[in-house]
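Have a look at the structure below, then the notes.
The values are calculated or read from the model by the stated rules, or taken from the named source; none is laboratory data. No experiment lies behind these values; they were computed from the predicted model shown. A quick note on method: Cβ atoms are made from the backbone with ideal geometry, for glycine too, and the neighbour counts reach across all protein chains shown.
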Amino acid sequence: MSKFRLVLCDNDGTLLNDDRELTERSREALLKLHEKGYMVGLASGRTVSDLMEMPEKWNFDFKFDVLIGVNGAEFYDGITDTVHKYNYLKPEMTKRIIEAVSPFGYTMQFMRDEHYYFNKMNDFIRASMSRNATHKIRMVDDISDFWKDDIPKMLIRLPEAEMPAFEKYFEEHPIKGIIGFKTQPFVYEFMAEGTDKAVAMKKFCDLHDISLDEVISFGDTTNDNGMLKHSYGVCLLNGSDDTKAVSKQITEYDNNHDGFARYVEKYLL
């Protein structure tokens with residue numbers, strides 16, 4: 001086995017292909033990593049409750065050692081079987097986001113009590129949500145429902161072609177106490193300042209005496225940057241330029257051609 005003890009992997013665009021499927025080759029790579037004694041974890045924008053379903057969905061007979069959810073606002077420690085939640089958006093923070101984003105007219109989304117809430121709907125969103133049967137879709141009747149109580153994050157769905165201008169605007173007009181980043185070509189997320197996959201990764205490692213030099217992480221876009229910078233970061237070939245720039249290596253293949261699995265086979269197994 002290599003010097004690494006923990007293998008941490010983003011889901012969408014990294015471990016999963018563009019159809020959000022885990023290929024058999026990637027499944028085998030995860031299974032072999034576990035069998036060889038590596039600790040294995042997921043780090044995603046999805047919630048911990050979503051990620052907890054993955055072992056059964058992928059037909060694994062083991063649970064992951066760590067599940068980092070909501071881009072680092074929460075994590076599940078599989079070693080102690082505990083969930084840590086520590087950096088949700090407060091109502092006043094969400095209200096500031098709504099006030100800043102509403103003039104753009106884009107679809108806004110948040111999650112509460114295993115439901116996805118939207119201010120408006122279209123066929124693309126319905127199709128996307130149908131792939132995740134865990135959560136039900138709810139429409140928001142009153143925009144103040146968005147800041148009714150604490151929520152993990154706020155998602156903005158917009159046309160891919162308009163993303164660069166949207167990113168640039170919020171780089172130049174930051175919202176106090178809020179961070180924002182692209183998580184998919186058509187999704188931008190706002191979270192409480194200080195939220196980062198790297199923060200949750202460090203918390204887990206500190207709990208179990210794991211050096212960050214013993215962590216290898218895989219990602220593909222901006223919300224993975226902190227995690228990749230503070231460990232041995234590997235960006236998928238399909239990754240964004242900013243993520244490639246902070247990574248130690250770039251895979252030879254993209255997420256649609258088993259880039260993660262091929263790297264694991266070559267360097268870790």
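When you scan the stretch 223-232, how many residues do you find that are farther than 20 Å from H257 by Cβ, modelled with pLDDT of 95 or more and not in a loop (DSSP other than H, G, I, E, B)?
6
Determine whether the stretch 88-100 contains at least one residue that is touching a His at 6+ places or on another chain (Cβ under 9 Å) and crowded, with 17+ Cβ neighbours inside 10 Å.
Looking for residues that are touching a His at 6+ places or on another chain (Cβ under 9 Å) and crowded, with 17+ Cβ neighbours inside 10 Å, one finds at least one in the stretch 88-100, hence yes.
With the checklist (1) under 18 Å from the mean Cα position of the chain (by Cα); (2) under 19 Å from L22 (Cα atoms); (3) among the hydroxyl-bearing types (S, T, Y) in hand, flag the one item Y253 doesn't pass.
For Y253, the failing item is (1).
Can you pull out every residue in the stretch 231-242 that is out of contact with any Lys or Arg (no Cβ under 7 Å at 6 or more places or on another chain) and surrounded by fewer than 24 Cβ atoms within 10 Å (Cβ to Cβ)?
Correct list: L237, N238, S240, D241, D242.
Which ones in the stretch 153-163 are at pLDDT below 95 and not aliphatic (A, V, I, L, M)?
Across the stretch 153-163, the qualifying residues are K153, R157, P159, E160.
Which of (1) within 30 Å of V7 (Cα to Cα); (2) among the hydrophobic types (A, V, I, L, M, F, W, C); (3) not in a strand (DSSP E or B) is the odd one out, the single condition I179 does not satisfy?
Exception for I179: condition (3).
What number of residues within the stretch 1-46 are of a type in the set (K, R) and either buried (at least 18 other Cβ atoms within 10 Å of the Cβ) or assigned to a loop (DSSP other than H, G, I, E, B) (or both)?
5
Among the residues of the stretch 195-203, is any closer than 18 Å to L67 by Cα, in contact (Cβ under 8 Å) with a residue 60 or more places away in the chain and in a loop (DSSP other than H, G, I, E, B)?
Yes, some residue in the stretch 195-203 is closer than 18 Å to L67 by Cα, in contact (Cβ under 8 Å) with a residue 60 or more places away in the chain and in a loop (DSSP other than H, G, I, E, B).
Could you check the stretch 47-85 and list, in sequence order, the residues that are part of a loop (DSSP other than H, G, I, E, B) and crowded, with 24+ Cβ neighbours inside 10 Å?
The answer is A73, and nothing else.
Go through the stretch 204-222 and report how many residues are free of Cβ contacts under 8 Å to residues at least 60 places away in the same chain and within 21 Å of D258 (Cα to Cα).
Qualifying residue count, the stretch 204-222: 1.
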